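A quick write-up on the structure given underneath.
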Amino acid sequence: MSTVERSESPPGRARRRRMSVDQYERLIADGVIDADAPVELIEGRIVGKMTKGDAHCTAADLVQVALMATLAGAGWLVRIEKPVAIPSKKSMPEPDFSIVRGGPRDYEDGQPRPDRVGLVVEIADTSLRRDRRRARTFVAGGIPECWVLNLVQGRLEVFRPGSADPEIIGAEGSVELVLDGKFVARIAVADLLPRRKATDTPR
């Protein structure tokens with residue numbers, strides 16, 4: 001997901017302390033931040049989301065189809081650009097996809113915390129460097145696994161807690177979807193990539 005930072009502090013004033021998830025949620029509840037505003041909280045800072053290109057949109061459709069087909073009736077919900085609260089990292093991102101426990105009514109009174117999240121997926125093209133940094137923030141905050149679908153090099157990067165570097169899976173490979181420590185399905189990386197990205201030679 002592409003983002004561009006917006007400053008929290010007015011010119012000439014000392015930098016404010018980074019915002020907590022609770023503070024951010026209160027601003028939304030009080031109407032200070034519109035619930036539909038194209039912003040999210042990342043490591044205590046409010047950042048704005050940018051529009052997506054054609055390749056990103058195609059990849060998002062492919063990921064949605066793959067996840068929906070895999071998880072039908074499995075007790076997990078696929079959420080699209082919905083908030084995930086990560087209090088320990090002062091973050092409330094809205095990743096391209098998150099897989100969370102239960103159903104839609106389970107989150108009427110609050111967004112899922114890391115213990116309710118099985119997987120986060122981000123689609124990265126021009127935002128690759130930032131999405132990698134976000135993925136490390138997510139897993140450090142308790143998300144068990146984050147996939148970065150790298151459209152630049154036509155591959156999938158799998159981030160997990162405790163690993164300094166992601167697992168790299170090329171377009172010819174496949175990734176295991178594991179939720180709660182249980183194998184759910186194997187998904188071909190090529191099925192997630194736009195056609196030209198699936199056939200490009202990785203750089």
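Can you compute the charge dipole magnitude of segment 52-199 about its Cα centre, using +1 on each Lys and Arg Cβ and -1 on each Asp and Glu Cβ, nothing else charged? Give it in debye, rounded to the nearest 20.
Roughly 340 debye, rounded to the nearest 20.
Enumerate the amide H contacts of M50 below 5 Å, restricted to partners 5 or more residues apart or on another chain; note that Pro and chain-start residues carry no placed amide H.
Under 5 Å from the amide H of M50: S2, T3, V4.
Indicate the gyration tensor shape class of segment 122-188 (rounded, prolate or oblate), computed on the Cα atoms with a ≥ b ≥ c the square roots of the eigenvalues: a/c under 1.5 is rounded; otherwise a/b larger than b/c is prolate and the rest oblate.
In terms of gyration-tensor shape, oblate.
Taking a ≥ b ≥ c as the square roots of the Cα gyration tensor eigenvalues, with a/c under 1.5 meaning rounded and otherwise prolate when a/b beats b/c, else oblate, which class fits segment 44-90?
Oblate, since a/c reaches 1.5 and b/c is not below a/b.
Let me check against my output: what whole-number percent is the relative contact order of the chain, with C-alpha pairs under 8 Å and at least 6 apart?
RCO, the chain: 17 percent.
Would any residue of segment 77-101 have its amide N under 19 Å from a label point 7 Å out along Cα→Cβ of D36? List them or say none.
80-83, 94
Would you kindly derive the ³J(HN,Hα) couplings of segment 106-116 from the backbone phi angles with the Karplus curve 6.51 cos²θ - 1.76 cosθ + 1.60 (θ = phi - 60°), listing them in order in whole Hz, with x for Gly and Pro?
Running phi through 6.51 cos²θ - 1.76 cosθ + 1.60 with θ = phi - 60° gives 5, 10, 5, 10, x, 7, x, 8, x, 6, 9 Hz.
Could you work out how much longer the chain between R26 and R195 gets when fully extended? Use 0.36 nm per residue separation minus the Cα distance between them, nm to one decimal.
Stretched fully, the R26-R195 segment lengthens by 56.6 nm.
Cα centroid distance between segment 126-172 and segment 24-80, in Å?
Their Cα centres are 17 Å away from one another.
Work out from phi, with θ = phi - 60° and the Karplus expression 6.51 cos²θ - 1.76 cosθ + 1.60, the ³J(HN,Hα) of each residue of segment 62-79, listed in order in whole Hz, and give x for Gly and Pro.
5, 5, 4, 4, 5, 5, 4, 5, 6, 9, 4, x, 8, x, 10, 10, 8, 10
Pick the calculated Rg and Dmax of the Cα atoms in Å for this structure from (1) 16.9, 54; (2) 23.9, 114; (3) 18.1, 59?
The value matching this structure is (1).
Coordinate-derived values only; no laboratory data. These numbers were taken from a predicted model, which means no experiment stands behind them. All Cβ positions, glycine included, derive from the backbone under ideal geometry; neighbour counts span all protein chains shown.
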